[in-house]
Amino acid sequence: MIFFVFLFVVLMDKLIFMLYHIIMKTIISIIPEPQETRVKNGLLLTNNNFSIAADDFFNDYADFLCKELQKCNVKCKINDDSKSKTSTPVQIKLTKTDSNTQTKEIIPESYTLDINDNEILIQAADKAGALFAIQTLKQLILSNEGFLPCLSIKDFPQYKWRGFMLDTSRNYFSIDFIKKVLDLASFHKMNRFHWHLTDDQGWRIHVPEYPLLTEIGSIRDAHTMPLMKDYYCDFKKKLPYYYTDEEITEIVKYAEKLNITIIPELELTGHVSALLASYPEFGCTGGPYKVENRWGIFNDVLCIGNENLPKIYQACLRTVVRLFPGQWIHIGGDECPSVRWRTCPKCQALKAKLNLTTERQLQSWLTKEISEYVVSLGKTPIGWDEVLDNTEIIPLPKDTVVQSWRKKGGGKKAVSLKHFAIMSPVNKCYLNFKNYDSFEEPGRLSFTTTKTAYGFTPAGKDFSQEDKKYMLGAECNLWTEDLNASKVAEYMMFPRFCALSESMWLDADKKDFARFKQSLEAHKLRLDFMDVNYYKGKLGGD
Ligand SMILES: [Zn+2]
């Protein structure tokens, strides 16, 4: 009898232990899923009150990290040494190299997070690692009222480049909304913001030498569809619609604190209707041109044979360098028709001078010229994968990074030619596609379910080890045709943004869509807390 009672007690104990861990795993539900999570026994009562003590290395950053925690409606102080101390200690230490342990090589942006029943310990490789540990902690705080599960997390990114692109040409978004999206990107451990500043429908950055770019180029015909401004919280802003130097500097500083590098993009070659409307002399026909109200690909592009062309693109690039401290500048290069070059005497003269065999090779020449100028300014150019086309005579300069959007082909070609590459395949990463194949859903062109987005891997099994050295990572892209409000933009982004953040952060072998779906249920409450509008329908595969 005693034996059976003993057996019963042991079995119950094991059952309770198993149930505890299953429940804890559900409570934890971090997105992107950390590389390693170990649930420990016990809970940490926090009183929703924290005190951060950080190594000297984080001295000038601890205050910011504290403010990040406060965004969860909790108290936080730096080095709280009050006598009636009721705060939960959070220690942040810099990861040290140790020849005796596994920390011989420290992975940038990595961190460990240990929650014990009396304290929280963070070890971070750098400021980004400390921030990501805090972002993980924030997710836990938002899912647990006044307590945290004891656990041990070891985390690091699979890819260096984890970005998102916002098109602010087709729809002008307020800087408040851009800050909100930067917060959400950091919450999902992204580190790049690709800011699409110019296109056919609007030029959004002031260039002192060419003031008409914004005076004319940022304004579409009034009161015609589509709307060009976001009504998020920007009623007072007057035309024209561009970002002033002060606003850009404010965004750059905001992103810097969040360890997000901004990649400004100027569309050069095609998608330049706004530029041509401002300065018609840079088109092959001389115009007149207008800032486009329509979507699509337009035949009027830069006149590559115009000998004054370098003056305008160099002035634009110098402005970008002055305002954006990041290493990369995106120079566009996608969807550029060559029809005007066929009949333009200046373009034909240049074609003959360069001994080119087709008009399309003129774009390769201009890409080379612009890339070399960007490099001369100490920066690294990025182009859409069309920059690899028609390069038989004039190859793409080695320094130019290729962003592959036309499915996977461009990325594979780029890395095989030893160009660094960023993946944004249209069928997986374009957030302007509908969330689901339904007539009722907003979005355009096609649809990508959350499951499809989750299944994306920047460099999958078809990439060799050598290829993978050149694969920087990925970006999800929000083109904003037909999106006339930031709430609609959010709806298109989430939850696919969450799925793609995991595709960029986590080793593909560790991904599990069933687990992600479960985590998303907890995560939706966090998105609610952050006032994010998200799609609530089918995620695909059901
Ligand atoms: Zn021309």
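The values are calculated or read from the model by the stated rules, or taken from the named source; none is laboratory data. Fair warning: this is a prediction, and the values are worked out from it, not measured in the lab. Surface accessibility is based on the protein's heavy atoms, side chains included, excluding ligands, DNA and RNA. Shrake-Rupley method; radii C 1.70, N 1.55, O 1.52, S 1.80 Å.
The table for this structure:
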quantity: Per residue, in Å², the accessible surface of segment 410-542 once ligands and nucleic acids are set aside, probe 1.4 Å; calculated: 39 Å²
quantity: For VAL401, distant residues with modelled amide H under 5 Å away; calculated: ILE382, GLY383
quantity: Links that overshoot a 18 Å alpha carbon limit, given the list LYS407/LYS461; LYS96/LYS154; LYS434/LYS536; LYS71/LYS138; LYS180/LYS451; LYS67/LYS253; calculated: LYS180/LYS451
quantity: Gain upon complete extension [ASN41, ASP462; 0.36 nm per residue less C-alpha separation]; calculated: 147.4 nm
quantity: Nearest-10 value in Å² for the accessible area of ARG340, using the 1.4 Å probe; calculated: 70 Å²
quantity: Rounded Å value of the spacing that divides the Cα centres of segment 126-144 and segment 321-394; calculated: 42 Å
quantity: Carbon/sulfur fraction of accessible area - segment 403-465, other protein chains in place, 1.4 Å, %; calculated: 59 percent
quantity: Shape of the chain, Cα gyration tensor, a/c cut at 1.5; calculated: prolate
quantity: Cα-based shape type of segment 416-522, given that a ≥ b ≥ c are square roots of the gyration tensor eigenvalues and the cut on a/c is 1.5; calculated: oblate
quantity: DSSP-defined beta bridges in the chain - what % are antiparallel, rounded to 5; calculated: 30 percent
quantity: Segment 303-363 - accessible surface per residue (Å², probe 1.4 Å); calculated: 44 Å²
quantity: Other-chain or far-sequence residues with amide H under 5 Å of PHE147's (modelled H); calculated: THR46
quantity: Under 5 Å, built H, 5+ apart or other chain: amide partners of ASN49; calculated: LYS75, THR88
quantity: Percent antiparallel among DSSP beta bridges (both partners in segment 37-93, rounded to 5); calculated: 0 percent
quantity: Accessible surface, 1.4 Å probe, highest first, among residues SER174, SER416; calculated: SER416, SER174
quantity: Cα-based reach from LYS368 at 22 Å (exclusive), listing lysines while leaving out same-chain residues under 8 positions away; calculated: LYS311, LYS346, LYS351, LYS353, LYS379, LYS398, LYS412, LYS413, LYS418
quantity: Heavy-atom accessible surface of segment 50-147: percent carbon and sulfur, 1.4 Å; calculated: 47 percent
quantity: Where segment 108-221 is the region considered: accessible area per residue in Å², 1.4 Å probe; calculated: 22 Å²
